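Notes for the one structure printed next.
The numbers here are math on the coordinates, done by the rules we state, and not lab data. Keep in mind it's a predicted model, so treat the numbers as computed, not measured. Reconstructed Cβ throughout: ideal geometry from the backbone, glycine too, with neighbour counts over all protein chains shown.
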Amino acid sequence: MARRRGRRPLVPGAGHGLDMLKAEVMQRAGYSVSRDRPDLVKYEVARSLCVPLQTANNGNLSTEEAGKIGGQIGGRMVREMIRMAQEQLTKQ
């Protein structure tokens, strides 16, 4: 049986900032994102990838399908954070 990982940010209090980054990045990617609920963008990403993500039980999703959704969101966020870090380094 797989253990569920904690989904808390490493830095306490950083969750809100990460949510705002997610909303901004996904909005620039062309998805409609609610600033109040940026976590709901995963359903729009799933629809665009033809992955049957539901609001309730998703036990029938394969690891590959779940990874497609998370990869679209997380990958964009990581690329943006790298871009921001590089920008900070050039300013120093």
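Dividing the summed helix terms, -39500 (n - 2.57) for each DSSP H run of n ≥ 4, by the number of residues in the chain produces a 222 nm estimate of -18500 deg cm²/dmol to the nearest 500.
In summary, no helical segment of the chain meets the span-like criteria, namely a full DSSP H run, a Cα extent along the axis of 24 angstrom or more and a mean Kyte-Doolittle hydropathy of at least 0.5.
Counting other Cβ atoms within 10 Å as a rough exposure proxy, the listed residues Leu10, Leu49, Leu21 run Leu10, Leu49, Leu21 from fewest neighbours to most. A Cβ-based charge dipole, computed about the Cα centre of segment 15-91 with Lys and Arg at +1 and Asp and Glu at -1, lands at about 200 debye.
With kT/(6 pi eta Rh) evaluated at 20 °C and eta = 1.002 mPa s, and Rh the Kirkwood radius from Cα pairs, the chain diffuses with a coefficient of 146 µm²/s according to Stokes-Einstein.
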